[in-house]
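Q: Before I ask anything, let me first share the structure, which is written out below as structure tokens.
The numbers here are math on the coordinates, done by the rules we state, and not lab data. If you're wondering where the values come from, they're calculated on a predicted model, not measured in any experiment. Glycine gets a Cβ as well: all are built from the backbone with ideal geometry, and neighbour counts include every protein chain shown.
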Amino acid sequence: MKIWVMGAVLVAAAVLLVGCSNDLPPEKMEYVGLWRNHDTSILITEGGRLEYESKRGSVQRSLSAPIKTFTETSIEAGFLFFGSEFAIDRGPQENDGVWTIVIDGNELYKADPLGRLPQRP
């Protein structure tokens with residue numbers, strides 16, 4: 001009986017967490033995609049998820065979570081009381097076919113569908 005109850009609780013929690021993300025609104029679609037530089041990557045999906053990874057020296061940080069709030073100046077992603085906020089210092093801009101964004105002070109480039117950084121003209 002205990003195992004069945006524990007299993008039911010885990011399934012209910014998983015359903016709640018999966019259901020936390022909402023599709024991004026149309027005005028945020030230019031943010032969708034994989035943005036990266038040589039030590040940081042942020043993937044923003046149409047379905048409202050954020051995947052973050054940063055490697056600096058021996059320190060590695062990562063987050064995979066639904067987006068809770070998305071404003072002109074920040075993105076907050078996480079579950080319930082846990083999460084991270086990312087400052088949008090400059091929104092997506094295109095220059096000579098290369099898209100860039102500045103998040104938390106890091107200039108990131110929009111990667112191609114294979115995850116490669118763009119070649120600078």
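Q: Calculate, for Val98 and Ser62, the FRET efficiency according to 1/(1 + (r/R0)^6) with r their C-beta to C-beta distance and R0 25 Å; round to the nearest 0.05.
A: Values: r = 26 Å, r/R0 = 1.03.
The pair Val98/Ser62 has a calculated efficiency of 0.45.
Q: While we're on this one: Of the GluC sites (Glu not before Pro) in the stretch 19-84, which ones lie in a loop per DSSP and count no more than 14 other C-beta atoms within 10 Å? Mind showing how you got there, number by number?
A: Working: sites: Glu27, Glu30, Glu46, Glu51, Glu53, Glu72, Glu76; in loops: Glu46, Glu72.
Hits after loop and neighbour filter: Glu46, Glu72.
Q: Net charge near Thr69, counting Lys/Arg +1 and Asp/Glu -1 over other residues with Cβ under 15 Å of its Cβ? Walk me through the intermediate numbers first.
A: Working: positive: Lys28, Arg49, Lys68; negative: Asp23, Glu27, Glu72, Glu76, Glu85.
Taking every other residue near Thr69 into account, the sum is -2.
Q: Here's something else I'd like to know. Can you tell me how the stretch 22-110 classifies by the Cα gyration tensor, rounded, prolate or oblate, using a/c under 1.5 as the rounded cut? Don't jump to the answer; show the numbers that get you there.
A: Working: a/c = 1.78, a/b = 1.05, b/c = 1.70.
Taking the square roots of the gyration eigenvalues as a ≥ b ≥ c, the stretch 22-110 is oblate.
Q: Contact order normalised by length for the stretch 22-110, with contacts defined as Cα pairs under 8 Å and 6 or more residues apart; what percent is it?
A: After rounding, I find 20 percent.
Q: Take Leu43, Leu50 and order them by how many other Cβ atoms sit within 10 Å, fewest up front.
A: Values: Leu43 17, Leu50 24.
Fewest-to-most Cβ neighbours within 10 Å comes out as Leu43, Leu50.
Q: Of the options Asn22, Tyr109, Gln60, report the single residue whose Cα projects farthest towards the positive end of the charge dipole of the stretch 22-110 (beta-carbon charges: Lys, Arg +1; Asp, Glu -1).
A: Comparing the listed Cα positions along the dipole, Gln60 ranks first.
Q: So how far apart, in nm, are the two label points at Thr69 and Met29 if each is 7 Å from Cα heading toward Cβ?
A: Simple spin-label model gives 2.6 nm for this pair.
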